[in-house]
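As structure tokens, the structure follows; a few thoughts come after it.
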Amino acid sequence: MQYACGGLYYQVVLDIARGIPKYQQIVHSVREEIATGQYTQGQRLPSESDLGRAFGASRITVNRALRELQFAGLIERRAGSGSYVRAIPSQGYTFGLLLPELGQTEIFDPIWRGMTQAQQTDHHTLLLSRSLDDSEAKAPPLCRHMIAKKVSGVFFAPLELTPGKDHINRSIAAEFQKAGIPMVLLDRDLVDYPERSGFDLVGIDNRRAGHVVTDHLLCSGCKRVIFVGRPGSAPTVDARIAGYREAILDSGLKFHSEFVCRIDPSDTDAVGQIMKKVRPDGVVCANDFTAGNLMKTFNKLNVSVADQVRMAGIDDVKYATLLPVPLTTIHQPCTAIGLAAVETMVQRLRNPDSPARDVLLNFRLVIRQSCGHSSGSANPVAAEGN
């Protein structure tokens, strides 16, 4: 590797000037040399010592870079021999896509668009299925159809808000596991929080999102903040409740279990009883859909959002700005989630024995009038990912 001459030398210098960590400089340079054909399939890379001298990096830093390249499927490391460029398939994969709420839940539309962007860039093919619903009879034929098409992998957003969801979700997972087809979960797991399935999952850190949005309400002056979510919601909601609970306790307030309300936000009687019994001055909603419906119910009950009760949601769907009082919410990077999901699947296919992982993307808090603040301010919030 000629790091002292040519374009890569200047790239390394530029990376250093920008403050890019050394392990990322190594990863970038090795990727570039593989992409440009300077190192071909099966060719041995320089030793860890040589890389360390070239970049002025420690053995630990070089090892971290090589592990990242290995996980990305670009190289393979042979004990006692060194690192070698891996053979990369020349054609794209064919993927199955099971999004039960596509066209109904707004976060899945941009996620799907992100996946199609990756499809166009990397020449993958997506087999789209819009017909999965809460009918137990429909799931097996859909799975068998994708298995018969010999898909390389399946992206799946587990069902929620239906009594038979757990059995259907597990049966879908079992079908693909039996066929030896890897599955990447989108947004949510298929087991109850805090349990963890054995599948890769791409989304945001929902526990931290719940904490961030609750903390914002508390910092806005709220003292009696409740959490509202629909019965039968996905495990993501339980994670958000965990973050909500932690934020309450971290603020020095006492947590009351009755402040977690599993209700239909359109149920005027149920909402009225909570307002009478708990007398909240703030509401964290499980998502923007819940917040929108709760805002309508508050209007029927003559409860003024922002003046009497401050409110926040999670998702930042399109209509969040169009509600009677524009909604403070957590913005999910849905298109980026779709892109990351495809990358995660490709890495899974190249490294089938690697441990299941959570790929958690950054989110940001978008502040609008429902919390009593002026519209348009947006604070970036980094969610931890691995």
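The values are calculated or read from the model by the stated rules, or taken from the named source; none is laboratory data. Remember, it's a predicted structure, so these values are computed and weren't measured experimentally. When we count neighbours, we look across all protein chains shown, and the Cβ atoms used for this are built from the backbone with ideal geometry, even at glycine.
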### Message
For region 353-362, check the following and say yes or no: at least one residue is charged (D, E, K, R) and without any contact (Cβ under 8 Å) to a residue 40 or more places away in the chain.
### Response
yes
### Message
If ALA312 meets every condition in (1) touching a His at 6+ places or on another chain (Cβ under 9 Å); (2) in a loop (DSSP other than H, G, I, E, B) apart from one, which number is that one?
### Response
(2)
### Task
Can you tell me which residue among TYR3, TYR9, TYR23 is of a type in the set (Ser, Thr, Tyr), at pLDDT below 90, surrounded by 13 or more Cβ atoms within 10 Å (Cβ to Cβ) and closer than 23 Å to SER354 by Cβ?
TYR23
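A quick yes/no check of all residues on (1) within 17 Å of VAL212 (Cβ to Cβ); (2) crowded, with 21+ Cβ neighbours inside 10 Å; (3) in contact with a Gly (Cβ under 6 Å, 6 or more places away or on another chain):
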position	(1), (2), (3)
PRO265	no, yes, no
ASP269	no, no, no
VAL284	yes, yes, no
ASP316	yes, yes, no
ALA320	yes, yes, no
### Query
Are any of the residues in region 303-312 of a type in the set (Asp, Glu) and crowded, with 16+ Cβ neighbours inside 10 Å?
no
### Task
Could you please find all residues in region 344-365 being at pLDDT below 95, in contact with a helix residue (DSSP H, G or I) (Cβ under 8 Å, 6 or more places away or on another chain) and not hydroxyl-bearing (Ser, Thr, Tyr)?
VAL346, GLN347, ASN351
### Task
Output yes when any residue across region 189-202 is outside the structural domain of ALA270 (by TED's automatic domain parsing), under 16 Å from PHE95 (Cα atoms) and more than 16 Å from the chain's Cα centre (by Cα), and no when none is.
no
### Query
In the list ILE204, ILE181, ILE147, which residue meets the criterion of being of a type outside the set (D, E, K, R) and touching a Pro at 6+ places or on another chain (Cβ under 8 Å)?
ILE204
## Note on the structure
Picked from region 275-328 (must be among the polar types (S, T, N, Q) and touching a Leu at 6+ places or on another chain (Cβ under 8 Å)), the residue modelled with the lowest pLDDT is THR321
### Message
Six or more apart or on different chains, Cβ atoms under 7 Å: show the pairs whose first residue is in region 155-167 and assigned by TED's automatic domain parsing to the domain that holds LEU126 and whose second is among the aromatic types (Phe, Trp, Tyr).
### Response
PHE155/PHE95; ALA157/PHE108
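Conditions tested, residue by residue: (1) farther than 18 Å from ASN287 by Cβ; (2) touching a Cys at 6+ places or on another chain (Cβ under 9 Å).
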residue: ASN169; (1), (2): yes, no
residue: GLY198; (1), (2): yes, no
residue: ARG208; (1), (2): no, no
residue: LEU218; (1), (2): yes, no
residue: GLY221; (1), (2): yes, no
residue: PHE227; (1), (2): no, yes
residue: ALA234; (1), (2): no, no
residue: ILE248; (1), (2): yes, no
### Message
Could you check region 204-234 and list, in sequence order, the residues that are out of contact with any Ser or Thr (no Cβ under 7 Å at 6 or more places or on another chain), crowded, with 17+ Cβ neighbours inside 10 Å and farther than 14 Å from GLY313 by Cα?
### Response
ILE204, ASP205, SER220, CYS222, SER233, ALA234
